[in-house]
């Protein structure tokens, strides 16, 4: 591979921000601060930073289904998603592929087809597309075979334990944030025969393509599996540990919840909803992940913890795109404007922090020997930042040259 040097950029190094040269050779960072070698990339007036690493993103669902129950060809959706990632400076992406019991967009069959497309299209894609197996824990009958397949496939997946079924079934007088640990005797449930359940599940029914009555009938059958869920979680966790897959819990609301998932090997807390859960993760040394849209918008759209507050409190290690790829860069800008932390710390939330959470020790910062996953960023003082170039292992995945 070619050798080239970025010259004139303000480089975000692990221990300082400084104008210096950075040389790339054979896809890795070969030298920092040395003479120009090979081709020159004129980076004057720009920032050179580690490329973004997205540990949880499901914006690809818009490409799969741009309108309710209107599906696009999977290959088209994958290629377009890949290009969106590159334009937004994301060199490594874990696509949060839901493996659930619902039909429709989040059915296991559709998730399996998406993963097969990612594998087949890999030579044509510009960034590193990985997968988060976003497993709904009640979907063991539907998902076990696909989870086993994915853990052996060339997708290097992570596993996130989701339980939106219990969240849906929580008592009507209990908010999502106030619910008890799902496997605790303190967890109180709602009645499926109450008319309020139709209101609660209307959006899910629409996404699945079912009418409201049919969706409730299916939910009733799935809820009857409840006693078998803990054993199924243990089985998936064991398979994940055997495969060396990073594992995460999702939407924790109790220290008890975090402790349960930590015990089975899930060392990251993804989107903890309350301070108790986030603090429990920090006290145990677990990685804490929040959504970038939360930070970029100034708060959670469902009333959970504010990501900006958690960053300022030292209770956030990584920011994920969640449902909007541009949110990662936007979040860094918003938190910088609010002086939530210094610029180096904020950038680590979208680079080094996610790398550590996923065990990707070969990338995430600008250090000699690390993979040359880099971005050039145009970020004038007080203005919105924009990606001007994305490199993945030294290969240019995107280069945008402004008209001005």
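The values are calculated or read from the model by the stated rules, or taken from the named source; none is laboratory data. What you are looking at is a predicted structure, and each value in this text was computed from that prediction instead of being measured. In this analysis, Cβ positions are derived from the backbone assuming ideal geometry, glycine residues included, and neighbour counts consider all displayed protein chains.
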message = Tally up the residues in region 323-339 that are crowded, with 22+ Cβ neighbours inside 10 Å and assigned to a loop (DSSP other than H, G, I, E, B), please.
response = 1
query = Could you say which residue among 241, 279 is under 25 Å from residue 93 (Cβ atoms) and surrounded by fewer than 23 Cβ atoms within 10 Å (Cβ to Cβ)?
reply = 241
request  = Answer with yes or no whether residue 61 is under 26 Å from residue 248 (Cα atoms) and assigned to a loop (DSSP other than H, G, I, E, B).
outcome  = no
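Yes/no per residue for (1) under 24 Å from residue 12 (Cα atoms); (2) out of contact with any helix residue (DSSP H, G or I) (no Cβ under 7 Å at 6 or more places or on another chain); (3) at pLDDT 95 or above:
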{"residue": "24", "(1), (2), (3)": "yes, yes, yes"}
{"residue": "30", "(1), (2), (3)": "yes, yes, yes"}
{"residue": "42", "(1), (2), (3)": "yes, yes, yes"}
{"residue": "67", "(1), (2), (3)": "no, yes, no"}
{"residue": "74", "(1), (2), (3)": "no, no, yes"}
{"residue": "79", "(1), (2), (3)": "no, no, yes"}
{"residue": "89", "(1), (2), (3)": "yes, no, yes"}
{"residue": "126", "(1), (2), (3)": "yes, no, yes"}
{"residue": "130", "(1), (2), (3)": "no, yes, yes"}
ask   = Restricting region 249-265 to residues that are part of a loop (DSSP other than H, G, I, E, B) and out of contact with any strand residue (DSSP E or B) (no Cβ under 8 Å at 6 or more places or on another chain), which is farthest from residue 304 (Cα to Cα)?
value = 254
key: Of all residues making up region 355-373, the number that are out of contact with any helix residue (DSSP H, G or I) (no Cβ under 8 Å at 6 or more places or on another chain), surrounded by fewer than 20 Cβ atoms within 10 Å (Cβ to Cβ) and either assigned to a loop (DSSP other than H, G, I, E, B) or without any contact (Cβ under 8 Å) to a residue 24 or more places away in the chain (or both)   = 6
task = Check off (1) in a helix (DSSP H, G or I); (2) more than 21 Å from residue 63 (Cα to Cα); (3) under 19 Å from the mean Cα position of the chain (by Cα) for residue 305 and give me the number that stays unchecked.
result = (1)
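For every residue, the table says whether it meets (1) surrounded by fewer than 16 Cβ atoms within 10 Å (Cβ to Cβ); (2) assigned to a loop (DSSP other than H, G, I, E, B); (3) in the same structural domain as residue 96 (by TED's automatic domain parsing).
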site: 341; (1), (2), (3): no, yes, yes
site: 347; (1), (2), (3): no, no, yes
site: 350; (1), (2), (3): no, yes, yes
site: 353; (1), (2), (3): no, no, yes
site: 375; (1), (2), (3): no, no, no
site: 384; (1), (2), (3): yes, yes, no
site: 391; (1), (2), (3): no, no, no
site: 398; (1), (2), (3): no, no, no
site: 402; (1), (2), (3): yes, yes, no
note = Selection over region 283-296 where residues are assigned to a helix (DSSP H, G or I) and free of Cβ contacts under 8 Å to residues at least 24 places away in the same chain yields a count of 1
inquiry  = Please go through region 14-54 and give me each residue that is in a loop (DSSP other than H, G, I, E, B), over 12 Å from residue 347 (Cα atoms) and in contact with a strand residue (DSSP E or B) (Cβ under 7 Å, 6 or more places away or on another chain), ordered by number.
reply    = 20, 21, 27, 34, 36, 37, 38, 43, 46
ask   = Counting only residues that are in a strand (DSSP E or B), more than 27 Å from the chain's Cα centre (by Cα) and buried (at least 22 other Cβ atoms within 10 Å of the Cβ), how many does region 1-13 have?
value = 1
Lone qualifier among 207, 196, 200 - being part of a helix (DSSP H, G or I), closer than 25 Å to residue 141 by Cβ and free of Cβ contacts under 8 Å to residues at least 40 places away in the same chain = 200
request  = Restrict the check to region 193-202 and report whether at least one residue is within 27 Å of residue 147 (Cβ to Cβ) and assigned by TED's automatic domain parsing to the domain that holds residue 67.
outcome  = yes
ask   = Looking at this structure, is residue 35 exposed (fewer than 15 other Cβ atoms within 10 Å of the Cβ) and assigned by TED's automatic domain parsing to the domain that holds residue 160?
value = no
Every residue from region 205-229 that is surrounded by fewer than 14 Cβ atoms within 10 Å (Cβ to Cβ) and within 17 Å of residue 187 (Cα to Cα) = 224, 227, 228
request  = Run down 252, 283 and say which single residue is over 30 Å from residue 208 (Cα atoms), at pLDDT 95 or above and over 14 Å from the mean Cα position of the chain (by Cα).
outcome  = 283
